[in-house]
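Readers should treat all values here as calculations from the given coordinates under stated rules, not as data from a laboratory. Model, not experiment: these values are computed from the prediction. Positions of Cβ are backbone-derived with ideal geometry, glycine not excepted, and every protein chain shown enters the neighbour counts.
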Amino acid sequence: MSEEKQQEPTEYKLLIEFVCKRSRRFLSKATHLVQNKPFKFGFRVKNIDNTNSPPGKIKEVHFISTISKIQTKIDEEFSFPGLNPNEETVLWWGDPLTIVFKGEVWIECGVEPEDRKKTTFVTFQYDQNCIKQLPYKERNHWGDASFIHGELEQQQAKTNILMFILTVSVFLDGVLGLDTIFKAILSWFRWFLLQFALLIIKIM
């Protein structure tokens, strides 16, 4: 009696993107990572297949420094629903996270369907430089590179902005200092520049 041939799992294509945000007081939320600055993160999951995809979960998330190999692991598992073709959902982790290292970081996780015997996920990365989707090398897993800005470099950038505004203000004051009307205009312009600089610093 011949053995029954085992049926191969059905494959479903999912596009996975890492998303993050840092709370700011003004304007929009910053969407880049800074060393030692808390941020919220999540994953955008999109069905890029032509059939409905089954429910699944994201698990064992790792942030790994490509330089020092230091890593941060997230143990929580988060489920996502079945998706129609071209439908997407975003999963946000509840607690803010802080990363102690800077530079390039490799982000990876498991992406598993509810029924691993019958289904499997083929995940894709989104290459922003080439504006195209790239298949990940391993089934039911996903990974992609991101970047964490250094804390000192971020502070230096803020200082440079303030120094530029100060230099412009002093220059204009020297050029227009003899005229009362221009002084009034200059005073308003300097206030505007300062507020603009503070606004830029807030969202960095």
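Numbers for the structure displayed
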quantity	calculated
Segments classed as strands (runs of 3 or more DSSP E), wholly inside segment 41-140, with at least 1 members that are touching a residue at least 60 places away in the same chain (Cβ under 8 Å)	56-65, 88-92, 103-113, 119-127, 132-135
Tally, over segment 46-103, of residues that are out of contact with any strand residue (DSSP E or B) (no Cβ under 7 Å at 6 or more places or on another chain), under 17 Å from G143 (Cα atoms) and β-branched (V, I, T)	1
